[in-house]
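Structure record follows, encoded as C-alpha coordinates.
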Amino acid sequence: DSDDGTSFLDFVLDDAQLKQDTFCPGTAIPVKPTRNIVDLHDPLKTLTIIVFAWNFYDEISKNLASMLKNSREDILFLVPFPTPRLIRADFGASNTTVHFETLHELTHQPTAIPNPITHSNNRPKAVMITHQRNEEVLMPFFILHHAPMFDKVVLIDFNSDDRTLEIVQKYAPPSWEVVQSHTGSRFEALKVDQQVMEIERRHDDDWTIALTTTEFLVRPQFRQYLAETFHRQGTNGDSFVSKIPFYRIHGSNARPLVYSAPLPEQRRVFNLKDNYGAPKTRFLHYKTSSTYNYTGGRHGYKGSGAKLVDINAFIMKFGFAPWPEVKERMMSVGKTIPDVDVRRGLGFQHTHRLNEIDIIEEFERMQASETKLDLCDNKASWVSLIYRMQFGMSCEVGR
(Lines give C-alpha, C1' and ligand atoms only; values in the text may rest on other atoms or scores of the structure.)
Protein backbone atom coordinates (compact mmCIF):
# COMPACT_ATOMS: atom_id res chain seq x y z
CA ASP A 1 0.00 0.00 0.00
CA SER A 2 1.13 3.55 -0.70
CA ASP A 3 1.03 6.38 1.81
CA ASP A 4 -2.30 7.68 0.50
CA GLY A 5 -4.04 4.35 1.16
CA THR A 6 -4.25 3.24 -2.49
CA SER A 7 -3.26 -0.30 -3.41
CA PHE A 8 -2.77 -2.74 -6.26
CA LEU A 9 -5.71 -4.62 -4.69
CA ASP A 10 -9.14 -3.37 -5.73
CA PHE A 11 -11.07 -5.24 -3.03
CA VAL A 12 -10.92 -8.10 -0.53
CA LEU A 13 -13.53 -10.86 -0.42
CA ASP A 14 -14.60 -12.21 2.96
CA ASP A 15 -17.78 -14.04 3.97
CA ALA A 16 -17.51 -12.99 7.63
CA GLN A 17 -20.43 -10.55 7.98
CA LEU A 18 -18.73 -8.41 10.63
CA LYS A 19 -15.92 -7.60 8.17
CA GLN A 20 -18.09 -6.78 5.16
CA ASP A 21 -18.55 -3.17 4.01
CA THR A 22 -15.49 -2.09 6.02
CA PHE A 23 -11.90 -1.46 4.95
CA CYS A 24 -8.66 -3.33 5.49
CA PRO A 25 -6.92 -1.61 8.43
CA GLY A 26 -4.91 1.44 7.39
CA THR A 27 -5.94 1.24 3.73
CA ALA A 28 -8.70 2.21 1.36
CA ILE A 29 -9.24 -1.42 0.27
CA PRO A 30 -12.94 -2.33 0.70
CA VAL A 31 -14.03 -5.69 2.12
CA LYS A 32 -16.97 -7.22 0.25
CA PRO A 33 -18.92 -10.49 0.38
CA THR A 34 -17.83 -13.10 -2.16
CA ARG A 35 -21.26 -13.17 -3.82
CA ASN A 36 -20.75 -9.58 -5.00
CA ILE A 37 -17.74 -10.39 -7.19
CA VAL A 38 -19.81 -10.42 -10.37
CA ASP A 39 -20.61 -6.73 -9.88
CA LEU A 40 -17.25 -5.65 -8.45
CA HIS A 41 -14.96 -6.09 -11.45
CA ASP A 42 -14.71 -4.73 -14.99
CA PRO A 43 -15.49 -7.64 -17.38
CA LEU A 44 -13.16 -6.12 -20.01
CA LYS A 45 -10.13 -6.31 -17.73
CA THR A 46 -8.17 -9.33 -16.53
CA LEU A 47 -9.36 -10.49 -13.12
CA THR A 48 -6.66 -11.89 -10.84
CA ILE A 49 -7.67 -13.30 -7.47
CA ILE A 50 -5.02 -13.81 -4.77
CA VAL A 51 -6.01 -16.78 -2.60
CA PHE A 52 -4.43 -16.22 0.81
CA ALA A 53 -6.54 -19.04 2.27
CA TRP A 54 -4.37 -21.42 0.25
CA ASN A 55 -5.52 -24.53 2.14
CA PHE A 56 -9.08 -23.90 0.82
CA TYR A 57 -7.96 -23.12 -2.74
CA ASP A 58 -9.80 -26.02 -4.40
CA GLU A 59 -13.13 -25.04 -2.85
CA ILE A 60 -12.62 -21.29 -3.39
CA SER A 61 -11.54 -21.60 -7.04
CA LYS A 62 -14.48 -23.85 -7.98
CA ASN A 63 -17.00 -21.56 -6.29
CA LEU A 64 -15.61 -18.40 -7.94
CA ALA A 65 -15.38 -20.09 -11.34
CA SER A 66 -19.03 -21.10 -11.05
CA MET A 67 -20.03 -17.51 -10.22
CA LEU A 68 -18.03 -15.93 -13.05
CA LYS A 69 -18.22 -18.38 -15.94
CA ASN A 70 -21.13 -16.55 -17.62
CA SER A 71 -19.53 -13.10 -17.40
CA ARG A 72 -16.01 -13.62 -18.76
CA GLU A 73 -13.73 -16.01 -20.65
CA ASP A 74 -11.23 -16.72 -17.90
CA ILE A 75 -9.82 -15.66 -14.52
CA LEU A 76 -6.40 -15.95 -12.90
CA PHE A 77 -5.66 -17.30 -9.43
CA LEU A 78 -2.44 -16.39 -7.62
CA VAL A 79 -1.73 -18.85 -4.81
CA PRO A 80 1.29 -17.68 -2.76
CA PHE A 81 1.71 -20.67 -0.47
CA PRO A 82 3.00 -23.35 0.02
CA THR A 83 4.21 -23.35 -3.60
CA PRO A 84 3.66 -19.99 -5.36
CA ARG A 85 1.53 -20.66 -8.45
CA LEU A 86 -0.30 -18.70 -11.13
CA ILE A 87 -3.32 -20.66 -12.34
CA ARG A 88 -5.68 -19.83 -15.20
CA ALA A 89 -9.32 -20.94 -15.14
CA ASP A 90 -10.53 -21.14 -18.76
CA PHE A 91 -14.29 -21.32 -19.24
CA GLY A 92 -14.12 -22.21 -22.94
CA ALA A 93 -16.53 -21.16 -25.65
CA SER A 94 -19.53 -22.98 -24.18
CA ASN A 95 -19.02 -21.92 -20.56
CA THR A 96 -20.12 -25.41 -19.53
CA THR A 97 -16.77 -26.71 -18.29
CA VAL A 98 -13.82 -25.11 -16.51
CA HIS A 99 -10.23 -25.99 -17.37
CA PHE A 100 -7.58 -25.11 -14.79
CA GLU A 101 -4.04 -24.62 -16.12
CA THR A 102 -0.91 -23.79 -14.10
CA LEU A 103 0.91 -21.03 -15.99
CA HIS A 104 3.85 -20.49 -13.61
CA GLU A 105 5.10 -22.30 -10.56
CA LEU A 106 7.98 -21.02 -8.43
CA THR A 107 10.31 -23.68 -7.06
CA HIS A 108 10.03 -23.21 -3.33
CA GLN A 109 10.49 -25.40 -0.31
CA PRO A 110 8.65 -24.09 2.77
CA THR A 111 10.92 -23.58 5.77
CA ALA A 112 10.27 -25.79 8.75
CA ILE A 113 8.77 -24.27 11.90
CA PRO A 114 10.65 -23.45 14.04
CA ASN A 115 13.09 -22.25 11.39
CA PRO A 116 16.30 -24.31 11.86
CA ILE A 117 18.31 -21.53 10.23
CA THR A 118 17.28 -18.48 12.23
CA HIS A 119 16.81 -20.32 15.52
CA SER A 120 20.17 -22.09 15.62
CA ASN A 121 22.91 -20.39 17.63
CA ASN A 122 25.35 -23.09 16.54
CA ARG A 123 24.95 -22.43 12.82
CA PRO A 124 27.81 -20.54 11.14
CA LYS A 125 26.41 -17.33 9.73
CA ALA A 126 26.59 -16.24 6.08
CA VAL A 127 28.66 -13.05 5.85
CA MET A 128 29.38 -10.93 2.79
CA ILE A 129 31.99 -8.19 2.39
CA THR A 130 31.54 -5.70 -0.41
CA HIS A 131 32.80 -2.26 -1.33
CA GLN A 132 31.36 0.70 -3.14
CA ARG A 133 31.72 4.27 -4.23
CA ASN A 134 28.72 6.10 -5.68
CA GLU A 135 26.58 3.03 -6.41
CA GLU A 136 23.13 4.64 -6.14
CA VAL A 137 22.00 2.97 -9.39
CA LEU A 138 22.78 -0.62 -8.37
CA MET A 139 22.57 -0.47 -4.58
CA PRO A 140 18.73 -0.75 -4.28
CA PHE A 141 18.82 -3.92 -6.40
CA PHE A 142 21.88 -5.24 -4.55
CA ILE A 143 20.10 -4.89 -1.21
CA LEU A 144 16.84 -6.39 -2.49
CA HIS A 145 18.67 -9.39 -3.91
CA HIS A 146 21.10 -10.20 -1.07
CA ALA A 147 19.22 -9.20 2.09
CA PRO A 148 17.45 -12.60 2.41
CA MET A 149 20.68 -14.50 1.76
CA PHE A 150 23.11 -13.13 4.34
CA ASP A 151 23.07 -12.77 8.12
CA LYS A 152 25.54 -9.89 7.95
CA VAL A 153 27.01 -7.65 5.25
CA VAL A 154 29.98 -5.31 5.68
CA LEU A 155 30.16 -2.51 3.11
CA ILE A 156 33.54 -0.77 2.65
CA ASP A 157 32.75 2.73 1.45
CA PHE A 158 35.17 4.80 -0.64
CA ASN A 159 33.88 8.26 0.30
CA SER A 160 30.62 8.01 -1.63
CA ASP A 161 29.16 11.45 -2.27
CA ASP A 162 25.95 10.46 -4.06
CA ARG A 163 22.88 8.76 -2.48
CA THR A 164 24.55 5.38 -1.85
CA LEU A 165 24.84 5.72 1.93
CA GLU A 166 21.35 7.18 2.20
CA ILE A 167 19.97 4.17 0.31
CA VAL A 168 21.85 1.73 2.55
CA GLN A 169 20.59 3.45 5.68
CA LYS A 170 17.01 3.52 4.43
CA TYR A 171 16.62 0.09 2.84
CA ALA A 172 19.31 -2.31 4.11
CA PRO A 173 18.68 -4.55 7.16
CA PRO A 174 20.18 -3.42 10.49
CA SER A 175 22.80 -6.16 10.15
CA TRP A 176 24.40 -4.33 7.22
CA GLU A 177 27.39 -2.32 8.47
CA VAL A 178 29.20 0.48 6.61
CA VAL A 179 32.93 0.96 7.30
CA GLN A 180 35.34 3.44 5.76
CA SER A 181 38.00 2.30 3.32
CA HIS A 182 41.66 2.50 4.34
CA THR A 183 42.48 4.42 1.15
CA GLY A 184 39.83 7.15 1.08
CA SER A 185 38.28 7.47 -2.37
CA ARG A 186 41.22 5.76 -4.13
CA PHE A 187 40.76 2.13 -5.10
CA GLU A 188 44.19 0.60 -4.56
CA ALA A 189 43.55 -3.08 -5.29
CA LEU A 190 46.07 -4.77 -2.97
CA LYS A 191 45.18 -2.57 0.00
CA VAL A 192 41.49 -3.23 -0.64
CA ASP A 193 42.22 -6.96 -0.60
CA GLN A 194 44.03 -6.54 2.72
CA GLN A 195 41.08 -4.72 4.28
CA VAL A 196 38.68 -7.39 3.02
CA MET A 197 40.85 -10.14 4.55
CA GLU A 198 41.07 -8.25 7.86
CA ILE A 199 37.27 -8.23 8.04
CA GLU A 200 37.04 -11.88 7.04
CA ARG A 201 39.44 -12.87 9.83
CA ARG A 202 36.95 -11.45 12.32
CA HIS A 203 34.36 -13.87 10.90
CA ASP A 204 36.50 -16.99 10.51
CA ASP A 205 33.82 -19.11 12.22
CA ASP A 206 31.30 -18.06 9.56
CA TRP A 207 30.89 -18.59 5.84
CA THR A 208 32.30 -15.50 4.11
CA ILE A 209 32.43 -14.22 0.54
CA ALA A 210 33.62 -10.96 -1.00
CA LEU A 211 31.57 -9.49 -3.86
CA THR A 212 31.42 -6.15 -5.64
CA THR A 213 28.18 -4.22 -6.03
CA THR A 214 27.94 -5.41 -9.65
CA GLU A 215 27.92 -9.07 -8.59
CA PHE A 216 24.69 -10.86 -7.66
CA LEU A 217 25.02 -14.34 -6.14
CA VAL A 218 22.41 -16.82 -7.36
CA ARG A 219 21.81 -19.92 -5.28
CA PRO A 220 18.32 -21.08 -4.14
CA GLN A 221 17.93 -21.53 -0.37
CA PHE A 222 21.49 -20.28 0.15
CA ARG A 223 21.62 -20.12 3.95
CA GLN A 224 19.69 -23.37 4.30
CA TYR A 225 22.22 -25.13 2.09
CA LEU A 226 25.13 -23.77 4.12
CA ALA A 227 23.47 -24.87 7.36
CA GLU A 228 22.90 -28.36 6.00
CA THR A 229 26.49 -28.59 4.72
CA PHE A 230 27.82 -27.59 8.14
CA HIS A 231 25.69 -30.10 10.03
CA ARG A 232 26.55 -32.82 7.53
CA GLN A 233 30.31 -32.21 7.20
CA GLY A 234 31.50 -29.41 9.42
CA THR A 235 31.38 -30.86 12.89
CA ASN A 236 35.00 -32.11 12.84
CA GLY A 237 36.70 -28.73 12.58
CA ASP A 238 37.07 -28.98 8.81
CA SER A 239 37.52 -25.91 6.61
CA PHE A 240 35.81 -25.41 3.25
CA VAL A 241 36.29 -23.44 0.05
CA SER A 242 33.80 -23.15 -2.81
CA LYS A 243 34.75 -21.62 -6.16
CA ILE A 244 31.79 -19.72 -7.59
CA PRO A 245 32.04 -18.65 -11.26
CA PHE A 246 30.68 -15.35 -12.45
CA TYR A 247 29.26 -14.55 -15.87
CA ARG A 248 28.86 -11.12 -17.39
CA ILE A 249 25.34 -9.89 -18.03
CA HIS A 250 24.95 -7.18 -20.67
CA GLY A 251 21.21 -7.02 -21.40
CA SER A 252 18.56 -7.05 -22.51
CA ASN A 253 18.10 -3.32 -22.10
CA ALA A 254 15.00 -3.03 -24.26
CA ARG A 255 12.52 -2.68 -21.39
CA PRO A 256 12.64 0.38 -19.12
CA LEU A 257 14.37 -0.26 -15.81
CA VAL A 258 12.06 -0.25 -12.79
CA TYR A 259 12.98 -0.47 -9.13
CA SER A 260 9.88 -2.48 -8.20
CA ALA A 261 11.31 -5.73 -9.66
CA PRO A 262 14.60 -7.59 -9.06
CA LEU A 263 17.42 -6.73 -11.45
CA PRO A 264 18.09 -10.39 -12.48
CA GLU A 265 14.47 -10.58 -13.61
CA GLN A 266 14.81 -7.48 -15.80
CA ARG A 267 18.33 -7.91 -17.19
CA ARG A 268 19.39 -11.51 -17.78
CA VAL A 269 20.96 -11.72 -21.26
CA PHE A 270 24.28 -13.50 -21.21
CA ASN A 271 26.95 -12.98 -23.88
CA LEU A 272 28.64 -16.32 -24.52
CA LYS A 273 31.51 -14.79 -26.53
CA ASP A 274 32.37 -12.37 -23.71
CA ASN A 275 32.44 -15.29 -21.25
CA TYR A 276 34.33 -17.80 -23.42
CA GLY A 277 36.88 -19.96 -21.64
CA ALA A 278 37.35 -20.56 -17.93
CA PRO A 279 35.16 -18.07 -16.02
CA LYS A 280 36.55 -15.85 -13.30
CA THR A 281 35.54 -16.84 -9.80
CA ARG A 282 34.78 -15.60 -6.32
CA PHE A 283 35.37 -17.72 -3.22
CA LEU A 284 32.97 -18.69 -0.46
CA HIS A 285 34.94 -20.08 2.45
CA TYR A 286 34.73 -21.28 6.04
CA LYS A 287 37.57 -21.39 8.61
CA THR A 288 40.28 -20.57 6.06
CA SER A 289 41.31 -16.99 6.94
CA SER A 290 44.46 -18.09 8.81
CA THR A 291 45.76 -20.38 6.05
CA TYR A 292 44.57 -18.79 2.78
CA ASN A 293 45.13 -15.44 1.08
CA TYR A 294 43.61 -13.72 -1.93
CA THR A 295 45.59 -12.99 -5.05
CA GLY A 296 45.18 -9.54 -6.64
CA GLY A 297 41.55 -8.64 -7.32
CA ARG A 298 40.34 -11.62 -5.23
CA HIS A 299 39.96 -13.87 -8.28
CA GLY A 300 42.39 -16.36 -6.74
CA TYR A 301 42.53 -17.85 -3.23
CA LYS A 302 45.79 -19.54 -2.30
CA GLY A 303 46.36 -21.89 0.61
CA SER A 304 46.04 -25.52 1.63
CA GLY A 305 44.06 -27.86 3.83
CA ALA A 306 40.47 -26.91 3.01
CA LYS A 307 37.92 -29.22 1.43
CA LEU A 308 36.62 -28.03 -1.93
CA VAL A 309 32.81 -28.06 -2.01
CA ASP A 310 30.52 -27.33 -4.94
CA ILE A 311 27.38 -25.42 -3.95
CA ASN A 312 26.06 -25.25 -7.53
CA ALA A 313 25.90 -21.46 -7.50
CA PHE A 314 26.91 -18.74 -9.93
CA ILE A 315 27.24 -14.97 -9.93
CA MET A 316 25.57 -12.59 -12.35
CA LYS A 317 28.07 -9.79 -12.96
CA PHE A 318 26.30 -6.79 -14.44
CA GLY A 319 28.52 -5.09 -17.01
CA PHE A 320 26.67 -3.05 -19.64
CA ALA A 321 23.37 -3.59 -17.88
CA PRO A 322 21.28 -1.82 -16.96
CA TRP A 323 22.11 0.49 -19.88
CA PRO A 324 22.31 3.49 -20.13
CA GLU A 325 21.93 3.82 -16.32
CA VAL A 326 25.42 2.37 -15.67
CA LYS A 327 27.25 4.51 -18.24
CA GLU A 328 28.24 7.27 -15.80
CA ARG A 329 29.22 4.69 -13.20
CA MET A 330 31.54 2.88 -15.63
CA MET A 331 33.33 6.13 -16.54
CA SER A 332 33.80 7.13 -12.90
CA VAL A 333 35.37 3.87 -11.65
CA GLY A 334 38.56 4.31 -13.67
CA LYS A 335 39.17 7.69 -12.09
CA THR A 336 39.57 6.05 -8.66
CA ILE A 337 42.45 3.78 -9.79
CA PRO A 338 45.76 5.22 -8.48
CA ASP A 339 48.92 5.47 -10.62
CA VAL A 340 50.60 2.72 -8.59
CA ASP A 341 47.95 0.25 -9.76
CA VAL A 342 48.15 1.48 -13.35
CA ARG A 343 51.91 0.75 -13.34
CA ARG A 344 51.18 -2.72 -11.92
CA GLY A 345 48.67 -3.39 -14.68
CA LEU A 346 45.78 -3.57 -12.21
CA GLY A 347 42.35 -2.13 -12.91
CA PHE A 348 42.96 -1.87 -16.67
CA GLN A 349 39.36 -2.95 -17.30
CA HIS A 350 38.31 0.33 -15.67
CA THR A 351 41.02 2.76 -16.76
CA HIS A 352 40.30 2.32 -20.47
CA ARG A 353 36.69 3.45 -19.93
CA LEU A 354 37.27 7.06 -19.02
CA ASN A 355 35.32 8.72 -21.84
CA GLU A 356 31.81 8.28 -23.16
CA ILE A 357 32.75 7.58 -26.79
CA ASP A 358 34.89 4.53 -25.89
CA ILE A 359 32.20 3.11 -23.60
CA ILE A 360 29.44 3.54 -26.18
CA GLU A 361 31.57 1.86 -28.86
CA GLU A 362 32.29 -1.06 -26.53
CA PHE A 363 28.60 -1.34 -25.67
CA GLU A 364 27.60 -1.38 -29.35
CA ARG A 365 30.14 -4.13 -30.13
CA MET A 366 28.69 -6.17 -27.27
CA GLN A 367 25.13 -5.72 -28.51
CA ALA A 368 26.09 -6.75 -32.04
CA SER A 369 27.21 -10.18 -30.85
CA GLU A 370 25.31 -13.18 -32.20
CA THR A 371 26.01 -15.28 -29.12
CA LYS A 372 23.52 -13.69 -26.75
CA LEU A 373 21.38 -16.01 -24.62
CA ASP A 374 18.47 -15.29 -22.30
CA LEU A 375 19.13 -17.23 -19.11
CA CYS A 376 15.42 -17.97 -18.78
CA ASP A 377 15.02 -19.31 -22.33
CA ASN A 378 14.81 -23.06 -21.82
CA LYS A 379 14.38 -23.56 -25.57
CA ALA A 380 17.88 -22.31 -26.38
CA SER A 381 20.75 -24.63 -27.28
CA TRP A 382 22.35 -24.58 -23.87
CA VAL A 383 26.07 -25.16 -23.70
CA SER A 384 27.38 -27.09 -20.72
CA LEU A 385 28.08 -24.12 -18.46
CA ILE A 386 24.53 -22.83 -18.95
CA TYR A 387 23.03 -26.07 -17.65
CA ARG A 388 24.66 -25.27 -14.30
CA MET A 389 22.93 -21.90 -14.23
CA GLN A 390 19.46 -22.81 -15.43
CA PHE A 391 17.97 -24.20 -12.20
CA GLY A 392 19.26 -21.35 -10.08
CA MET A 393 18.04 -18.76 -12.54
CA SER A 394 14.60 -20.33 -12.76
CA CYS A 395 14.30 -20.13 -8.99
CA GLU A 396 15.56 -16.55 -9.01
CA VAL A 397 12.92 -15.15 -11.35
CA GLY A 398 10.11 -17.62 -10.74
CA ARG A 399 10.10 -19.33 -14.11
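Laid out as a table, the results:
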| read-out | value |
| --- | --- |
| Among the residues listed as Pro80, Pro33, Pro84, the single one being closer than 23 Å to Leu18 by Cβ, touching a strand residue (DSSP E or B) at 6+ places or on another chain (Cβ under 8 Å) and of a type outside the set (A, V, I, L, M, F, W, C) | Pro33 |
| Hits in segment 138-176 - residues which are in a strand (DSSP E or B) and open to solvent by less than 10 Å² (accessible area, probe 1.4 Å) | Val153, Val154, Leu155, Ile156, Asp157 |
| Only one of Ile37, Ile87, Ile29 that is at pLDDT 90 or above and surrounded by 15 or more Cβ atoms within 10 Å (Cβ to Cβ) | Ile87 |
| Any chance Phe81 is within 30 Å of Thr229 (Cα to Cα), modelled with pLDDT of 85 or more and not in a strand (DSSP E or B) | no |
| Among residues of segment 182-239, those that are among the β-branched types (Val, Ile, Thr), part of a loop (DSSP other than H, G, I, E, B) and touching a strand residue (DSSP E or B) at 6+ places or on another chain (Cβ under 9 Å), counted | 3 |
| Set Thr212, Thr208: member being under 16 Å from the mean Cα position of the chain (by Cα) and open to solvent by less than 40 Å² (accessible area, probe 1.4 Å) | Thr212 |
| Selection count where residues are within 18 Å of Leu103 (Cα to Cα), touching a residue at least 12 places away in the same chain (Cβ under 8 Å) and either of a type in the set (A, V, I, L, M) or surrounded by fewer than 15 Cβ atoms within 10 Å (Cβ to Cβ) (or both), scope segment 53-71 | 2 |
| Members of segment 235-254 found to be of a type in the set (Gly, Ala, Ser) and open to solvent by 50 Å² or more (accessible area, probe 1.4 Å), listed by number | Gly237, Ser252, Ala254 |
| Matching residues, segment 191-205, being touching a Lys or Arg at 6+ places or on another chain (Cβ under 8 Å) and open to solvent by less than 80 Å² (accessible area, probe 1.4 Å) | Asp193, Val196, His203, Asp204 |
| Selection status of Val179, in contact with a Phe, Trp or Tyr (Cβ under 9 Å, 6 or more places away or on another chain) and at negative phi | no |
| Within segment 200-247, tally of residues that are of a type in the set (D, E, K, R) and in contact with a Pro (Cβ under 7 Å, 6 or more places away or on another chain) | 2 |
| Glu135 being assigned by the TED database to the domain that holds Pro220 and either open to solvent by 20 Å² or more (accessible area, probe 1.4 Å) or at pLDDT below 90 (or both) | no |
| Answer from Arg186, Arg223, Arg232 - the residue that is over 19 Å from Tyr294 (Cα atoms) and in contact with a helix residue (DSSP H, G or I) (Cβ under 7 Å, 6 or more places away or on another chain) | Arg186 |
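The values are calculated or read from the model by the stated rules, or taken from the named source; none is laboratory data. Keep in mind that what you see is a predicted model, and the values were worked out from it rather than measured. Using ideal geometry, Cβ is built from the backbone for each residue, glycine included, and neighbour counts are taken over all protein chains shown. Side chains included, ligands, DNA and RNA excluded: accessible areas come from the protein's heavy atoms. Shrake-Rupley method; radii C 1.70, N 1.55, O 1.52, S 1.80 Å.
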